[in-house]
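Okay, so here's the structure we're looking at.
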Amino acid sequence: MTQTSPMPPLLGEATLLPSLTAAAPHHVLRALHAHLLVSGRLASPPHLAAFLASLASSGHLAYARLVLPRRPATLLAHNALLRALARGPRPGLAFAAFRDLPLPPDHYSLSFLVRAAAALAAAPAAAGERPVRTEASARRLLVAVSAHGAAVRRGHAADPHVQSGVVSMYAALGDAAGARAAFAEITCPDVVCVTAMVGALSAGGDVDAARDLFDEMPLRDHVAWNAMIAGYVHVGRTREALRLFDEMQSAGAAIGEATLVSVLTACAQMGALDRGKWVHWYMRSHGMRMSVMLGTALVDMYSKCGVVATAMEVFESMGERNVYTWTSAVSGLAMNGMGLECLELFKRMESSGVQPNGVTFVAVLRGCSMAGLVDEGRTCFDSMKDKHGIDPWLEHYGCMVDLYGRAGRLDDAINFINGMPVEPHEGVWGALVNASRIHNNVELGKHALDKLLQIESENDAAHVLLSNIYAVTQNWKGVSRVRGMMKAKGVKKVPGWSAIEVDGKVHEFFVGGKSHPRYKEIEMMLAEMSRRLRLQGYAANTKEVLFDIEEEEKEDAISLHSEKLALAFGLIALPEDVEIRIVKNLRVCKDCHDYTKLISKVFDREIITRDRNRFHHFKDGTCSCKDYW
DNA sequence: CTAGGGTTAG
């Protein structure tokens, strides 16, 4: 190395600054430090600032605190540190740094402080802690208010960067009123502030207000579009999300990763495989990098559309995976009934170095329970605390009851409930109800339903089930009592629907719905289906089971569950060599399940139904769930 | 040297 300039050529300006802002291992940071010292660049405020940020984001805070006081205090350096802390894993540290500032803070300092408060508010509960309203959340509110207060006191509350931060900070806290109030203070909000408010309103569930604001925006950039699309996805209004995405493309806004992640989430929710595949194609044809988030969203979309093989291909192709990625894949295998593969993947995750979290355990426990892997599930549950230090949530207890109950080990399920260190919640009793249903234990079912209704007096499905039990056991007084209870409490059944995608368009069917433009054909097909099933000896059957879910309301005895309408439409509208994919919002009832199995055989079609809980892959007269759901 | 949008379960 020849030294022709006063600066050593080890690292040129072009490579030095970017490498300074990124997180790096300790030995690299030491080398950088030495380099900066020798070259004299540690005296340059931008270099010092970048170096401090790099130290902080690499977690070497003590190191940063050692370097900082030896240099003349500049806000530039201190702000860089604040910024890194605010974006780091422990945003609370930014508050300590703010308190210890040797100079009066400027609008940069305040914007970072507000960001730190927002990050703190949004921070998921500590590992193992079930997300609940605690003193911790009250403290977060105080912190947020104090950050906002500091901005006001220091006279920086009118800075646009601070303002947008304040709005999204209240949104992160779930304080929609706070966000509205802060937004109302802004005399002339710019695009960024309005976008923050669109996000805040969506997060608060008021998407329509968000949309009004969005429509009034004089100028919408791609982030504003993304915020609005995400808002719709967030509340499950997926069709509106996709429609807005179409408008976004027509408007010529830049489609980026965030957009596609939201679009994929929408496709996953509605089971729109064709649109999901289109996004995948779009990514490839535009040379987009398969980032962790995009890859995860793809794995999730393919899983929720029942195409596990492709989900796994994407998963395997990813260079980097985080908890979300692994959990998506584990959960995808679980809901498609692939218990052994699910367990195997979970073990791979454990050795991959990515720590599973509570959600991962919900997924793997569900996988075990779907496949009847009782002992394996128990081992997972025990390892959660012993090996991973995660305290079980109520959801995990519910999974365990489901695991024992489904396998017919009702005594174990009851003993497990009795041994719980916390009060069982609705999910636990719901799992016991379901187990009683599967194993035809009316007494236990009634007991569990009573408990469930004590906790969730408005639970529509529980009422329906209880009434069904009474009906099947010919207790008509019981039936009318439950009906009366429902009326008195104003409990309404959730309307059932089934959806099917044809040529990229999602068609929805409701019970007894005759509004579809091709209803005449559907009706004829239904008649044809009945005729051919009768030849196979099928008779509508609900007598054999003591009580069935029948979550979906029929208007009268002859009308059909929405699922059968969708199935008939699929038989008409899809080519013969294509599998029929149905998504429904409730669980499949026994009759529809039997019916679909036979249709798959008689019509020689593969049928894939996603219900509220899981997938059913019907082929040749059998179902992947082994009649066990 | 700032700001706004995005991924896992139920």
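The values are calculated or read from the model by the stated rules, or taken from the named source; none is laboratory data. Just so you know, these numbers come straight off a predicted model, no measurement behind them. Using ideal geometry, Cβ is built from the backbone for each residue, glycine included, and neighbour counts are taken over all protein chains shown. Quick note on the areas: whole protein, heavy atoms, side chains included, nothing else; ligands and nucleic acids left out. Shrake-Rupley method; radii C 1.70, N 1.55, O 1.52, S 1.80 Å.
For the stretch A:217-247, name all the residues that are closer than 17 Å to residue A:194 by Cα and either more than 10 Å from DNA strand B (Cβ to nearest atom) or assigned to a helix (DSSP H, G or I) (or both). Answer for the stretch A:217-247, where residues must be closer than 17 Å to residue A:194 by Cα and either more than 10 Å from DNA strand B (Cβ to nearest atom) or assigned to a helix (DSSP H, G or I) (or both): A:218, A:222, A:223, A:224, A:225, A:226, A:227, A:228, A:229, A:230, A:231, A:232.
Of the helices (runs of 4 or more DSSP H) entirely within the stretch A:323-431, those holding at least 3 residues that are open to solvent by less than 40 Å² (accessible area, probe 1.4 Å) and closer than 26 Å to residue A:443 by Cα occupy A:394-406, A:410-418. Scanning the stretch A:248-267 for residues that are open to solvent by 10 Å² or more (accessible area, probe 1.4 Å), hydroxyl-bearing (Ser, Thr, Tyr) and near DNA strand B (Cβ under 9 Å from one of its atoms) yields A:262, A:265.
If the condition is being in contact (Cβ under 8 Å) with a residue 24 or more places away in the chain and out of contact with any strand residue (DSSP E or B) (no Cβ under 7 Å at 6 or more places or on another chain), then the stretch A:600-625 contributes A:601, A:602, A:603, A:612, A:613, A:614, A:621, A:622.
Residue A:451 falls short of the stated requirement of being part of a helix (DSSP H, G or I), open to solvent by 30 Å² or more (accessible area, probe 1.4 Å) and without any contact (Cβ under 8 Å) to a residue 24 or more places away in the chain.
How many of the residues making up the stretch A:142-172 are under 15 Å from residue A:192 (Cα atoms), in a helix (DSSP H, G or I) and away from DNA strand B (no atom under 11 Å from the Cβ)?
0
In the stretch A:93-108, what residues are without any contact (Cβ under 8 Å) to a residue 40 or more places away in the chain and open to solvent by less than 30 Å² (accessible area, probe 1.4 Å)? Selection gives A:94, A:97, A:101. Of all residues in the stretch A:329-360, exactly one satisfies the criterion of being away from DNA strand B (no atom under 15 Å from the Cβ), touching a residue at least 12 places away in the same chain (Cβ under 8 Å) and touching a helix residue (DSSP H, G or I) at 6+ places or on another chain (Cβ under 8 Å), namely A:343. Of the residues examined, residue A:418 is not one that is outside the structural domain of residue A:617 (by TED's automatic domain parsing) and touching a strand residue (DSSP E or B) at 6+ places or on another chain (Cβ under 6 Å). Scanning the stretch A:585-613 for residues that are closer than 21 Å to residue A:268 by Cα and crowded, with 20+ Cβ neighbours inside 10 Å returns A:586, A:588, A:607, A:608, A:609, A:610, A:611.
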